[in-house]
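The values are calculated or read from the model by the stated rules, or taken from the named source; none is laboratory data. As the structure is a prediction and not an experimental result, all values here were calculated from the model. Positions of Cβ are backbone-derived with ideal geometry, glycine not excepted, and every protein chain shown enters the neighbour counts. Accessible surface areas use protein heavy atoms only, side chains included; no ligands, DNA or RNA. Shrake-Rupley method; radii C 1.70, N 1.55, O 1.52, S 1.80 Å.
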Amino acid sequence: MPQIEWLDQYSVGVESIDNQHKELFERINRLLDACAQGEGKKVLPEVLDFLGDYVVFHFSTEEKYMKEYLYPEYLAHKKEHDNFVETYKKFREEIEKEGAGVSAVIKTNRLVVDWLKNHILGTDRKLGAFLKEKMPSK
Ligand SMILES: [Fe+2]
């Protein structure tokens, strides 16, 4: 089964953000595993919570940095986060309704993995380049 794998190109150049992104990848992999293994009704909500909670925590970390260092593109970046939180809610409802299986893996890859990769490679790397200049220690 396809798993989300960390690559050097995902580094935004700020260690604390990179570490959180790596943790997100781990949690997505747990979800992908649960979906692929057709885990029962108990496990799925747990792994969805496990990932969803960390997404919220991670976004708030980035937003805190953006505010602290007066990032000029804060609002546009935050909007992307807010939109994803909405998407994740709908995604979660669908996955829980359909249950684990191949279609859940496909959906996770399409709605979560692809979004995160694109967001990191574009929006977060731009933020990382800005923060690297501003932060006394990364
Ligand atoms: Fe972000």
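With charges set only on the Cβ (+1 for Lys and Arg, -1 for Asp and Glu), what does the dipole of segment 14-134 come to about its Cα centre, in debye to the nearest 20?
It comes to approximately 180 debye.
Sum -39500 (n - 2.57) across every DSSP H segment of at least 4 residues in the chain, then divide by the residue count to get the 222 nm mean residue ellipticity, nearest 500.
Mean residue ellipticity at 222 nm (helix-derived): -23000 deg cm²/dmol.
Using a 1.4 Å probe on the protein heavy atoms, what percent of the accessible area of the chain belongs to carbon and sulfur?
The value for the chain is 51 percent carbon and sulfur by accessible area.
Evaluate the charge dipole of segment 1-40 about its Cα centre and quote only its size in Debye, nearest 20, assuming +1 on the Cβ of each Lys and Arg and -1 on the Cβ of each Asp and Glu.
Using only the charged Cβ atoms, the result is roughly 120 debye.
What whole-number value in cubic angstrom gives the convex hull volume per residue for the C-alpha atoms of segment 14-134? Working shown, then result.
Values: hull volume 9.8 nm³, N = 121.
It comes to 81 Å³ per residue, whole-number rounded.
Near the amide H of GLY38, under 5 Å away, which other amide H atoms are found, from residues 5 or more places off or on another chain, if H is placed in the peptide plane?
Result for GLY38 returns GLY101.
Tally Lys and Arg at +1 and Asp and Glu at -1 over the other residues with C-beta under 14 Å from the C-beta of ILE120: what net charge comes out? Can you show the working numbers first?
Working: positive: LYS22, LYS117, ARG125, LYS126; negative: GLU5, ASP8, ASP18, GLU23, GLU62, GLU80, ASP114, ASP124.
The answer is -4.
Could you tell me, in Å, what Rg and Dmax come out for the Cα atoms of segment 85-138?
Looking at segment 85-138, its Cα Rg and Dmax stand at 15.9, 47 Å.
Roll a 1.4 Å probe over the protein chains and send me the accessible area per residue for the chain in Å².
With the other protein chains kept in place, the chain gives 56 Å² per residue.
To the nearest Å, what is the center-to-center distance of segment 28-72 and segment 76-133, using C-alpha atoms only?
9
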